[in-house]
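The structure under discussion appears below in the form of structure tokens.
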Amino acid sequence: MLAGTLDLAGHHWQLAALAMIRVLACFAWLPCFGTGAMASKVVRSTVALWCVMGLWPALEPLSAPLDLTGMVWAGLREGLVGTALGLALGLPFQVFHGFGAVVNNQRGANIGSTLDPTSGAEATESASLLQWFSVAVFLAGGGIATVLEALRASFLVMGMDGAFRASMPGLTTYAGTVLAAAVKLAAPVIAMLFLVEVLLGMLSRFAQQMNAFSVALAAKTVVAFAVLLVYVMTSLEEMSISLWREHSAFDLLDIRPP
């Protein structure tokens with residue numbers, strides 16, 4: 001009886017360890033769960049453990065490798081699955097980040113890029129602001145439930161002892177999808193900034209004493225933030241929801257639960 005209990009406990013610990021790898025790999029690509037938002041590894045691991053406990057009904061029927069070599073390969077595979085899932089779930093966040101980067105590039109303010117403490121990479125202020133606005137909308141709209149549902153579906157479709165069966169076309173065109181969606185969102189701002197550049201060019205043509213380059217940044221900044229205030233801040237929630245519907249992690253990876 002004791003031996004059976006120990007075998008059962010060992011099996012459960014193996015499942016929990018492999019599930020933790022998938023969950024932590026997924027969290028690494030989500031701004032609200034990354035190292036910038038949760039600097040403490042203990043806090044991040046605790047949140048992942050609670051998620052694994054909530055997903056246990058989907059994990060318990062699964063089987064884990066018994067030998068060490070199998071566990072190592074299964075761990076690498078779980079990291080790959082979690083990374084793919086995190087990229088798919090984090091696509092809307094990257095779209096809003098690209099949205100802000102495109103706006104900053106069009107108004108000529110990329111020189112003001114700073115180191116983003118949450119991601120550890122250089123980013124513009126507008127990109128970080130819009131990305132964290134989308135994170136706030138995601139969390140306020142019950143995004144945690146979406147993450148857990150995607151994790152549950154991934155465990156049901158891709159167990160811990162099988163092949164990686166996710167459909168990869170959505171991930172292979174990931175960069176193009178992010179750029180296309182970001183430019184689509186930024187199109188009204190880009191159009192207004194183009195009109196400002198045309199007007200400044202005409203003004204410098206008739207008033208040659210005025211240096212158009214010296215006033216271009218200030219003029220385009222005022223126009224860009226005015227358009228953002230009217231266009232983005234009034235429809236941010238609708239844009240976020242439409243992005244998650246158009247670029248769902250379930251559709252990108254084709255991990256619909258049976």
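The values are calculated or read from the model by the stated rules, or taken from the named source; none is laboratory data. In this text, all values refer to a predicted model and were calculated from it rather than measured experimentally. Quick reminder, even Gly has a Cβ in these numbers, built from the backbone with ideal geometry, and neighbours come from all protein chains shown.
The table below gives the values:
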| item | result |
| --- | --- |
| Of residues in the stretch 104-138 being outside any loop (DSSP other than H, G, I, E, B), among the hydroxyl-bearing types (Ser, Thr, Tyr) and at pLDDT 75 or above, the one farthest from LEU217 (Cα to Cα) | SER134 |
| The stretch 22-46 - residue that is of a type outside the set (A, V, I, L, M, F, W, C) and assigned to a helix (DSSP H, G or I) and, of those, surrounded by the most Cβ atoms within 10 Å (Cβ to Cβ) | ARG22 |
| Residues satisfying the stated conditions in the stretch 215-232, i.e. within 13 Å of ALA109 (Cα to Cα) and exposed (fewer than 12 other Cβ atoms within 10 Å of the Cβ) | ALA218 |
| Residue match in the stretch 71-86 (condition: more than 12 Å from LEU151 (Cα to Cα), modelled with pLDDT under 75 and crowded, with 19+ Cβ neighbours inside 10 Å) | no |
| Those residues of the stretch 179-223 which are free of Cβ contacts under 8 Å to residues at least 24 places away in the same chain and charged (D, E, K, R), in sequence order | LYS184, GLU197, ARG205 |
| Matching residues, the stretch 13-25, being in contact (Cβ under 8 Å) with a residue 24 or more places away in the chain and either farther than 24 Å from ALA88 by Cα or among the charged types (D, E, K, R) (or both) | GLN14, ARG22 |
| Answer residue from the stretch 3-53, given it is more than 20 Å from the chain's Cα centre (by Cα) and of a type in the set (Phe, Trp, Tyr) and is modelled with the lowest pLDDT among those | TRP13 |
| Residue in the stretch 139-159 that is closer than 20 Å to MET233 by Cα and either at pLDDT 85 or above or aliphatic (A, V, I, L, M) (or both) present | yes |
